Structure formats: structure tokens, C-alpha cells
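What follows is a set of notes on a single structure, which appears directly below.
The values are calculated or read from the model by the stated rules, or taken from the named source; none is laboratory data. Values in this document were obtained by computation on a predicted structure and should not be read as measured data. When we count neighbours, we look across all protein chains shown, and the Cβ atoms used for this are built from the backbone with ideal geometry, even at glycine. Side chains are part of the model used for accessible areas, which takes the heavy atoms of the whole protein and leaves out ligands, DNA and RNA. Shrake-Rupley method; radii C 1.70, N 1.55, O 1.52, S 1.80 Å.
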Amino acid sequence: MLGEVVVLGTDFIIKKVLERHKKEVKKHRKSKSNFFYRQVSKNDRECTAFLESFFSGKSAYELSDLQLVTGRYVSVIGRRAMNPTNYFTFAQIALYSDSNRKTGLYQVVPLSTDYNRFYETEVEVISDGNRRIYVVYFIPRNPNSWSVTASLYIDAETFQVLRYQGFGNNERVWHKERGSEDSFISIRNVENADYSFIINYQHDNGFTEVQSVHFLVAYEHAGRRYETTGMMFNVADRFVKGKTTMDFDDNLMSEIEKGKMNKDKHYDPKFWKNLEIVKRTPVENEVVELFERDNLFGVF
């Protein structure tokens, strides 16, 4: 016997998420946080670019207005072809757009007041052991549009967004090629690039804030595969001054100056080995050790 049954339509769930989004963004649209970023680019299996840095930026629902604090990079470019060296813009993954967007100029994303024009939707109810979660699937109506096929994980009680993941449709990237002379570079627009992403959210500060971003961009050109992976992680609460206060303007920079850079602006390996969030995979460690041995890193 069932005492009570509550049936919620997909439209109702999305409407609740949109209402919460608008209220939170209106109140917290200027809220900022600090993020650690790592990017690895490969040409076939060879690592061609490695970047580690700290950014500050707005963090409500999606990253925006990213500003570089400090970091280091290395780019080993072959004579014939090279990966684009910075894909960090792919970490600024849009979740919401208003209905006034110009179709074709902007990527069609799940949350908008007119989402039904662009997406078919389905919903599934799951549990993480402690709570019920709605998983709303967004499937583009037009497979040729610049859009995403995505899943939105939503707390069934609060309608807070927990995770946003998916892959891009009809993505394009710029591919650069060197000519016979090093000074000559041609740029080609490569269509149908692979692009996938996962965003996890946290709610520690009273609103839906980006906790981490992971993405992969890959494409093939002239028989070779080019791949870039990136991760960005919210590190704001790891640099707190005192029990309840954090100085946004200088807390991260001062920690960087103390932790990893000496007077010659060389990195202290202990910083990267000891800080949990920046621990690398064994393969990444091998690459970094090789770049450090040959003194290839630049600081910016």
C-alpha cells in the first residue's frame, strides 16, 4: 500500500532550478574564489605543453572573468604542427543563457527559459545513499547545432545543482601549422572536435559555486591526434587567514610566494609534492621532471 505518491514533471524540476539560479546569481554574481589550474597537451602520445597556474574569478554556477595570479608553463613545439597552448577558456563552461541570445553565435546550453525550443528532456531519480537526486538529460533537437548533450544532477529536496556533465556537439578548434620557415604559421579551422566536461558544485558559502572543472578537447588533423586535458579546482578555503576570515586580495599570492618561489623565482618542488590538490599523476611527474631538468619552464 502506498500512503502518498508525488509525481513531478521534468518541466517543474527545471523551472525550480531556474528560479534558484536566478535568485542566487542575482545575489552572488560578483562572488569570487581562487582556483588552481593544470593543463596538459599532447601531440599523439608526446607531451607538447604543460601549464600550472592560479586564477581568481567569479564562481557562481560557472567560471567567468578569470584573472591570472601566477603560474608556469612549457611548450615544446614541433616544426610541422602544434597544439594550441591554452585551452583554459574551455573551463568557462556555460550552464545558463537568456532567451535573447543570437542562435549560431553562442553555444546552446541547457538552462534557459526557452530550453524546450532547443532540447528534448528526460529525468531519472537516483540516490547517493543520503539523498534523492534528479538527473535531467538534455538532448539537442537539432543535431547540427552548436550545443551540448548533457546531464544535470539536482538535489531533489533543495533543487541545488550538484553536477553538470556532458559533451559538445559540432565543436571547432583552431589548429596551427608551421611552414618551411619557423616564422610562418598557418591556422586552420578544424571541425567536429571532441569536447567533454564535468563540473562539480559546492554549497559551503550559501550558494551554488564551482568546486571543480575537468575537460578534454581532442581532434585529428593530417593523421595525427591532438589532445588537451584541463582541470581547475577551487582552493579558496585552503588559504584561510584565521578561523573565519580570508583576505581575497593577497592570501593566495602570499601563499605562493612563501610556498614555491624563491628570490630567483624558481619553483620549490616541495610545494607541488606536498599540497594535496596539485599532486600529479606518475606520467605527469615524469614529464615535469624532464622539463625541469632541461630548464624549459617559463614563469608568468
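Counted residue by residue at 0.36 nm each, then reduced by the alpha carbon distance between them, the extension gain from residue 135 to residue 68 reaches 20.7 nm.
Scanning residues 5 or more positions from residue 92 or on other chains, none has an amide H under 5 Å from its amide H, with H placed 1.01 Å from N in the peptide plane. Largest first, the three principal axis extents of the alpha carbons in segment 3-70 are 60, 33, 20 Å in whole numbers. What the phi angles of segment 201-206 give under the Karplus curve with 6.51, -1.76 and 1.60, with θ = phi - 60°, is a coupling list of 10, 10, 10, 5, 9, x Hz, glycine and proline written as x.
Between the residues 25, 37, 60, the greatest Cα displacement towards the positive end of the dipole of segment 5-63, with unit charges on the Cβ of Lys, Arg, Asp and Glu, is found for 25. In vacuo Debye scattering of segment 112-154, one point per C-alpha: log10 I(q)/I(0) at q = 0.25 Å⁻¹? The calculated log intensity ratios at q = 0.25 Å⁻¹ are -0.85. Of the accessible area of segment 22-71, computed with a 1.4 Å probe over protein heavy atoms only, carbon and sulfur atoms account for 44 percent. Sorting the segments 151-163, 216-228 by their mean number of nearby beta carbons within 10 angstrom, highest to lowest, gives 151-163, 216-228.
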